[in-house]
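We did not get these values from a lab; they are worked out from the coordinates using the rules stated. Bear in mind that the values here come from a model prediction, so they are computed numbers and not experimental data. Here Cβ is always computed from backbone atoms with ideal geometry, including for glycine, and neighbour counts include all displayed protein chains.
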Amino acid sequence: MSDRETRALPRTTIARQRGHDAALSAPKSDLVAADDYVAFCEGLRKLCGIDLAQYKRPQMERRLRSFFARKGISRLTDSLGRLQADQQLLDDLLDRVTINVSQLWRHPDQWARLEGGLLSELSANGRLRAWSAGCSYGAEAYTLAALCSQAIPGVRVRILGTDIDQRMVARARSGAFTAEDARAAPAEAMERWFEKTATGWQAKQTLRSMTHFEVGDLLKLEPHGSSYELIMCRNTVIYFADQIRDELHSRLARALRPGGVLVIGGTERISDAASLGLATIHPFIYRKS
């Protein structure tokens, strides 16, 4: 385009053309680097091992930007240095982006299904191997331990809890819960299986001997096939990208023994459960064929 032709164009047209030409000539790496969300996710992964790139971006990005806006940080990547230097800020962020909302006896209808016959069916051979996947601070695992103690006494029970957040795993190992954690729990069960403390409740040794907790990333864990009679993975995958969620459900299904049961959250779904060898037996409860 000649100088004369350029001068004849409206200024807005010239500006758009120059911006378009600049975008075409910019190196691809510069365009990627301009996305502070992508760069932040990579920086956080290196800092603490949590890969937010596997989560649905719109929801996670809103969480991050609102969190840092309250801290006076407008660009996500500007926070990485502060996160590395300030453990409390990192802990606060992890509490924001990892889903650590839980309580003892959460979703009582599912616990009633398990106690009402499923636990007996699953432990017919005299043992029950269970996995609380994404266990947070252990409320689910200890609730299951208490139910097993009541419903299938004498059965050898081993419950594994895994979570990506090492702070939550440390808390789960302690077996300590607040009064708020127990707000929906049956009073009789709390008195029987937990001890009252100044700050809440402490799981008794009976429950602690049945449970074991490890740090583990659900996006990477690959258990041996047919390892468990029962897997509980509730309210964990709602923020995962669809492909990541489906891959996880496939691995969970492989980890179940034939006849084993997978329990998911009431806001979650399994895409094409039949292709994984799973059939619905109750809402949000699946049995492996």
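Of note:
- Net charge dipole size for the range 187-289 [Lys, Arg +1 and Asp, Glu -1 on Cβ; Debye, nearest 20]: 240
- Between residue 46 and residue 62, residue separation times 0.36 nm minus the direct Cα-Cα distance comes to 3.6 nm.
- Near residue 55, the amide H atoms lying under 5 Å from its own belong to 241; only residues 5 or more places off or on other chains count, and H is placed 1.01 Å from N.
- In the range 228-274, Cα pairs under 8 Å separated by at least six residues give a relative contact order of 59 percent.
- Whole-number percent relative contact order across the range 143-232, with pairs defined as alpha carbons under 8 Å at least 6 apart: 40
- Note on the chain: lysine pairs with Cα distance below 20 Å, sequence gap of 8 or more or different chains, count 4.
- Surface/4 of the Cα convex hull for the chain, nm²: 20.6
- If you bin all the Cα-Cα distances of the range 43-91 at 10 Å, starting from zero, the percentages per bin are 23, 61, 15.
- In a reduced charge model with +1 at each Lys and Arg Cβ and -1 at each Asp and Glu Cβ, the chain shows a dipole moment near 120 debye about its Cα centre.
- Peptides ranked, highest mean first, by Cβ atoms within 10 Å: ranges 201-208, 257-264, 180-187: 257-264, 201-208, 180-187
- Using the Cβ of residue 261 as centre and a radius below 11 Å, the other residues enclosed give a net charge of +2, where K and R count +1 and D and E count -1.
- The range 108-288, relative contact order in percent, only Cα pairs under 8 angstrom and at least six apart counted: 21
- Distance between the range 215-289 and the range 138-182 - C-alpha centres, whole angstrom: 19
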